[in-house]
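For reference, the structure is listed below as structure tokens.
The values are calculated or read from the model by the stated rules, or taken from the named source; none is laboratory data. Quantities reported herein were computed from a predicted structural model and do not represent experimental measurements. FYI the Cβ positions are ideal-geometry reconstructions off the backbone, even for glycines, and counts take in every protein chain you see. When the accessible area is computed, the model is the full protein with side chains, heavy atoms only, and any ligands, DNA or RNA have been set aside. Shrake-Rupley method; radii C 1.70, N 1.55, O 1.52, S 1.80 Å.
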Amino acid sequence: MNVWIRDSTLKAACGNISVNRSLCSSSISNETPGSARHGAWEWVEAIVISGSYSSGATPGGNVLTVKVTDSHSQYHHVERIEISSRHLVGPGRSVLPANSFNDECDLPTDLTQLTHLHEPAVVDCLKRRCKLAGWKMYSHSGPILIAINPCKNVPGLYDSNAMKLYWNYGEHLACGGAQEDAPPPHVFGVADSAYRNMLRG
């Protein structure tokens with residue numbers, strides 16, 4: 001299975017192991033020192049080689065042996081890293097389970113549908129969705145719409161056909177239709193829902 005591990009935990013576990021410090025997570029290297037988010041993202045993905053991850057682990061138990069799979073990590077070349085079981089317990093634990101996706105089609109449009117819901121899982125899912133073609137820069141978290149700037153032109157994203165798509169779905173629901181085959185998350189969907197709720201209000 002795959003897990004997310006704090007970079008600081010890997011640093012403590014590696015001790016005197018030589019690492020390539022020229023490599024670092026792009027999400028950190030692009031930040032300027034002193035900025036509000038400098039160094040804030042420190043999760044690294046790894047695969048479990050031996051031992052077992054369990055939220056019910058107790059301090060002093062077996063260690064977890066992992067291999068970092070994130071090519072941007074300075075610990076990527078280290079073959080085996082042993083993580084103490086004390087990092088697996090407590091509210092601020094440094095090892096968290098990663099979600100598994102067979103392919104990009106498995107990525108949920110609603111983050112609340114993730115099997116494991118925590119900071120690295122949410123950021124990873126949003127990052128994966130934003131890289132896909134289409135309108136995947138929008139995601140739901142329950143009733144909340146999350147938007148990520150794609151920094152590029154997305155054809156048809158805000159044209160009249162897109163507006164009609166969400167208006168037609170709103171009409172479908174207003175006539176008692178089932179909430180199935182819903183269009184993907186979009187600001188037009190939020191606007192249509194808000195408008196209809198206001199009319200009912």
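Taking the criterion of being touching a helix residue (DSSP H, G or I) at 6+ places or on another chain (Cβ under 7 Å), farther than 27 Å from Thr69 by Cα and either surrounded by 12 or more Cβ atoms within 10 Å (Cβ to Cβ) or at pLDDT below 95 (or both), would at least one residue in segment 169-178 satisfy it? Even if it seems obvious, please write down each step before you answer.
Taking segment 169-178 as the starting set, the residues that turn out to be touching a helix residue (DSSP H, G or I) at 6+ places or on another chain (Cβ under 7 Å) are 170, 174.
From what's left, farther than 27 Å from Thr69 by Cα: 170, 174.
Subset that is either surrounded by 12 or more Cβ atoms within 10 Å (Cβ to Cβ) or at pLDDT below 95 (or both): 170, 174.
Looking through segment 169-178, at least one residue is touching a helix residue (DSSP H, G or I) at 6+ places or on another chain (Cβ under 7 Å), farther than 27 Å from Thr69 by Cα and either surrounded by 12 or more Cβ atoms within 10 Å (Cβ to Cβ) or at pLDDT below 95 (or both).
Pull up segment 127-149, narrow it to residues that are in a loop (DSSP other than H, G, I, E, B) and aliphatic (A, V, I, L, M), then point me to the one that is least open to solvent (accessible area, probe 1.4 Å). Give the steps one after another, and end with the answer.
Initially, segment 127-149 is screened for residues in a loop (DSSP other than H, G, I, E, B), giving 132-137, 142-143, 148-149.
Still in the list and also aliphatic (A, V, I, L, M): 132-133, 137, 148.
On the way: Leu132: 45, Ala133: 86, Met137: 14, Ile148: 54 Å².
So the residue we want is Met137.
If you scan segment 150-201, which residues turn out to be outside any helix (DSSP H, G or I), touching a Phe, Trp or Tyr at 6+ places or on another chain (Cβ under 9 Å), among the aliphatic types (A, V, I, L, M) and farther than 10 Å from Trp135 by Cβ?
Ala182
Look through His118, His87, His76, His72 and report the one residue that is in contact with an Asp or Glu (Cβ under 7 Å, 6 or more places away or on another chain), within 15 Å of Arg6 (Cα to Cα) and surrounded by 13 or more Cβ atoms within 10 Å (Cβ to Cβ). Give the steps one after another, and end with the answer.
Values: His118 fails: in contact with an Asp or Glu (Cβ under 7 Å, 6 or more places away or on another chain); His87 fails: in contact with an Asp or Glu (Cβ under 7 Å, 6 or more places away or on another chain); His72 fails: in contact with an Asp or Glu (Cβ under 7 Å, 6 or more places away or on another chain).
Residue meeting the stated conditions: His76.
Only one of Asp103, Asp124 is among the charged types (D, E, K, R) and surrounded by 18 or more Cβ atoms within 10 Å (Cβ to Cβ). Can you tell me which? Before the answer, list the steps.
On the way: Asp103 fails: surrounded by 18 or more Cβ atoms within 10 Å (Cβ to Cβ).
It is Asp124.
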